[in-house]
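Trainee: Next up is a structure, given as structure tokens.
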Amino acid sequence: MIIFLVGILEMVIVTVWTKVVTRTQVLASGLVTVVNILIWYYVLETVLNNIDRFSVILEYAFGCAIGAMIGTYYFSRDEKATEAKRRRQNKASQAADNSLRTEETYVS
């Protein structure tokens, strides 16, 4: 059961790593990489100690799948919220610009 949870955690961390790398956050990407390597050490040790139990690999694989889905879902929601906020700000800015143009027309 622990390896299942580790699989979830690892994939969430890999998703975070992907985000910080694509945003060129150098220090964050290094720190996340260290955590990921420590998790991999645990996974490797667990797999080697249970090499005759394929169920351990299946637990880990299902955990990884769920972790990837959680990470992807979270960041997709985050990106949609950020995009919606940006659109609202652009509309407010355009409305303010239009208001200023209208006032300039009356003043002229």
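Trainee: Which angle between 0 and 90 degrees, to the nearest 10, do you get for helix 26-49 versus the longest principal axis of the chain when only C-alpha atoms count?
Mentor: 30
Trainee: What angle do you read, to the nearest 10 degrees and between 0 and 90, between the alpha-carbon axis of helix 54-107 and the longest principal axis of the chain?
Mentor: On a 0 to 90 degree scale, this one is about 10.
Trainee: Rounded to the nearest 500, what is the chain's calculated 222 nm mean residue ellipticity when only DSSP H runs of at least 4 contribute -39500 (n - 2.57) each, over all residues?
Mentor: -33500 deg cm²/dmol
Trainee: Hey, another quick one. Under a Cβ-Cβ cut-off of 13 Å, what is the net charge of the residues other than Arg87 that fall near it, where Lys and Arg count +1 and Asp and Glu count -1? Mind showing how you got there, number by number?
Mentor: Values: positive: Lys80, Lys85, Arg86, Arg88, Lys91; negative: Glu79, Glu83.
With Lys, Arg at +1 and Asp, Glu at -1, the net is +3.
Trainee: Label points 7 Å out from Cα along the Cβ direction at Ala61 and Glu79: separation in nm?
Mentor: Here the answer is 2.7 nm between the modelled labels.
Trainee: Computed over the Cα atoms of the chain, what is the convex hull's projected area averaged over all directions, in nm²?
Mentor: On the way: hull surface 35.8 nm².
If you wrap the Cα atoms of the chain in a convex hull and average its projections, you get 9.0 nm².
Trainee: Same structure, new question: Between Val35 and Arg86, what length in nm is gained on full extension when 0.36 nm per residue of separation is reduced by their alpha carbon distance? Could the numbers behind the result be given before it?
Mentor: Numbers: separation 51, 0.36 × 51 = 18.36 nm, distance 3.28 nm.
Stretched fully, the Val35-Arg86 segment lengthens by 15.1 nm.
Bear in mind these aren't lab numbers, they're just calculated from the coordinates by the rules spelled out. Since the model is a prediction, treat every value here as computed from it, not as a measurement. Neighbour counts are summed over all protein chains in view; Cβ atoms, including those assigned to glycine, are modelled from backbone coordinates with ideal geometry.
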